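I have placed the structure first, in the form of structure tokens, so that the comments after it can refer back to it.
The values are calculated or read from the model by the stated rules, or taken from the named source; none is laboratory data. As the structure is a computational prediction, the values presented were derived from the model and not from experiment. Positions of Cβ are generated from backbone atoms using ideal geometry, with glycine treated the same way; all protein chains shown enter the neighbour counts.
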Amino acid sequence: MHAAAFAALGLAGWRYQRLPVPPELFAETVRALPGAGFAGANVTVPHKEAALALADEATPAARAIGAANTLTFREDGPIAADNTDAPGLLAALPVAIAGGTALVLGAGGSARAAVYALREAAAREVAVFNRTRERAEALAAALGARVAAAPEPADLLVNCTSVGLDDPDALPVDPRDLDRVGAVVDLVYRPGGTALVRAARARGLPCADGLEVLVQQGARSFAIWTGIDPPVDVMRAAAAREEDQPRL
């Protein structure tokens, strides 16, 4: 999708490259990227919290969330961190959340971005459910959410776990829990949709899949690096054509 946007805007000197990096080499690799000609990098699981930790400067949103998915390498040396997951999620929401309730599944970097975004969008209440309660409690305390003991009714359900990433039939909640929510966003994306999105759509629920969230956050990263607003429709069309492996 970035390549399609570069081409549409005539940015011939720009390239977007995937770099698989193990956690133990993350900091060393990132610090070497500016010297290799990189203007910035997107960071995905499991590196988002590490990306913030190594940055020399960060936006207030990234610091509040405690994770970064976008790094920018400044010409004078510092590494700047931002989080476009939060605004990307809000741009992809299938329903308005102001005054409503939300249930976030998970307690990692993506969940932190989701809780921050939903609180900033004036959700009346955001609850967090995670299989490790201690992590949910830490997230909730840091960002003004509430811990849910089990999946509960909500106007919006946001899946920030990796369930569905490897198993196309896996669900992060019992199917009956979907009868108690008003809309669904799944940050996992895969060709044909995840089991969660398919089950929600079968119930007639408004949905946004991880591909739309990916496009929206990617568009904001693109603008940070280039200083140019990208053609989001071009990026969306390119992403929809992509038959890569499922990602979060």
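Among the residues of region 70-80, is any in contact with a Leu (Cβ under 9 Å, 6 or more places away or on another chain) and of a type in the set (Gly, Ala, Ser)? The answer is yes, given that some residue of region 70-80 is in contact with a Leu (Cβ under 9 Å, 6 or more places away or on another chain) and of a type in the set (Gly, Ala, Ser). Here VAL43 passes the criteria (1) surrounded by 17 or more Cβ atoms within 10 Å (Cβ to Cβ); (2) in contact with a Ser or Thr (Cβ under 8 Å, 6 or more places away or on another chain); (3) hydrophobic (A, V, I, L, M, F, W, C); (4) over 21 Å from CYS160 (Cβ atoms) except the one numbered (4). Within the span defined as region 122-137, every residue fails to be surrounded by fewer than 23 Cβ atoms within 10 Å (Cβ to Cβ), in contact (Cβ under 8 Å) with a residue 40 or more places away in the chain and not acidic (Asp, Glu). Return yes or no: is GLY108 surrounded by 22 or more Cβ atoms within 10 Å (Cβ to Cβ) and touching a helix residue (DSSP H, G or I) at 6+ places or on another chain (Cβ under 9 Å)? Taking the combined requirement at face value, the residue does not satisfy it.
Here the condition is being in contact (Cβ under 8 Å) with a residue 12 or more places away in the chain, touching a strand residue (DSSP E or B) at 6+ places or on another chain (Cβ under 6 Å), surrounded by 19 or more Cβ atoms within 10 Å (Cβ to Cβ) and small (Gly, Ala, Ser); of ALA208, ALA195, ALA219, it holds for ALA208 alone. Taking the condition of being under 14 Å from the mean Cα position of the chain (by Cα) and touching a residue at least 60 places away in the same chain (Cβ under 8 Å), how many residues in region 47-81 meet it? Looking only at that region, the number is 6.
This table checks each residue for (1) over 26 Å from LEU171 (Cβ atoms); (2) of a type in the set (Ser, Thr, Tyr); (3) not assigned by TED's automatic domain parsing to the domain that holds ALA200.
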| site | (1), (2), (3) |
| --- | --- |
| ASP56 | yes, no, yes |
| GLY77 | yes, no, yes |
| GLY109 | no, no, no |
| GLU120 | yes, no, no |
